[in-house]
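To start, the structure under review is shown below, and the notes come after it.
The values are calculated or read from the model by the stated rules, or taken from the named source; none is laboratory data. No experiment lies behind these values; they were computed from the predicted model shown. A quick note on method: Cβ atoms are made from the backbone with ideal geometry, for glycine too, and the neighbour counts reach across all protein chains shown.
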Amino acid sequence: MLLHELFSPEFVQVDLQAEDKDEVFEELVDRFCHVIKSDAREEILQALREREMKMSTGIQKGIAIPHGKTIAVDKVYGMLGISRKGIDYEALDGNPVYLLFMILGPVGDSEKHLRVLQRMAELLANPQFFTDLVSQKDPQGVYGVLKKYEDISVALT
């Protein structure tokens with residue numbers, strides 16, 4: 001599964017207003033539910049919070065990958081958010097988070113969910129990917145950067 005298929009422009013939110021983890025979950029989930037026309041806001045928030053209680057998904061400097069499995073979705077979805085001011089995320093390194101990749105998958109589909117997380121790790125290993133993403137001003141720019149880096153990664157494999 002290619003990430004640009006998950007994070008198409010309608011699933012990108014630039015200039016997040018949230019200041020902490022709970023607020024950013026709500027902001028991303030509200031946008032997600034609006035895009036897919038779902039009323040499963042509470043179920044999705046619960047899935048994210050339950051996963052987060054196990055260990056912070058603030059995984060490396062400035063980046064978080066909140067994710068969860070829920071009966072509220074029938075396939076793997078993604079929502080990408082960018083914060084200009086940084087979010088107090090309780091990240092493992094203690095630093096604010098600027099880039100968030102929210103991944104939601106159905107309860108019974110661990111394989112695709114894990115493949116998406118693996119693909120994310122591959123792209124995030126390149127520090128320039130982070131820099132290029134957070135400098136974008138609109139969803140189309142974010143999508144273009146994601147597709148560019150993913151195309152390069154696919155070509156190298």
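Structural remarks
- Residue within region 73-88 that is hydroxyl-bearing (S, T, Y), in a loop (DSSP other than H, G, I, E, B) and at pLDDT 90 or above present: no
- If the condition is being assigned to a strand (DSSP E or B) and either surrounded by 21 or more Cβ atoms within 10 Å (Cβ to Cβ) or small (G, A, S) (or both), then region 54-72 contributes G58, I63, A64, H67, G68.
- When every residue of region 133-141 is checked against the conditions, at least one turns out to be surrounded by 21 or more Cβ atoms within 10 Å (Cβ to Cβ), modelled with pLDDT of 90 or more and part of a helix (DSSP H, G or I).
- Note on region 89-111: residues that are surrounded by fewer than 14 Cβ atoms within 10 Å (Cβ to Cβ) and not in a loop (DSSP other than H, G, I, E, B) total 2.
Okay, residues lined up against (1) more than 15 Å from L100 (Cβ to Cβ); (2) in contact (Cβ under 8 Å) with a residue 24 or more places away in the chain; (3) not in a loop (DSSP other than H, G, I, E, B):
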site: L16; (1), (2), (3): no, yes, no
site: F32; (1), (2), (3): no, yes, yes
site: D39; (1), (2), (3): yes, no, no
site: E52; (1), (2), (3): no, yes, yes
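- Hey, A72 farther than 23 Å from D15 by Cα, in contact with a Pro (Cβ under 9 Å, 6 or more places away or on another chain) and of a type outside the set (D, E, K, R) or not: yes
- Flag for K75 being exposed (fewer than 12 other Cβ atoms within 10 Å of the Cβ), among the basic types (K, R) and either touching a residue at least 40 places away in the same chain (Cβ under 8 Å) or touching a strand residue (DSSP E or B) at 6+ places or on another chain (Cβ under 6 Å) (or both): no
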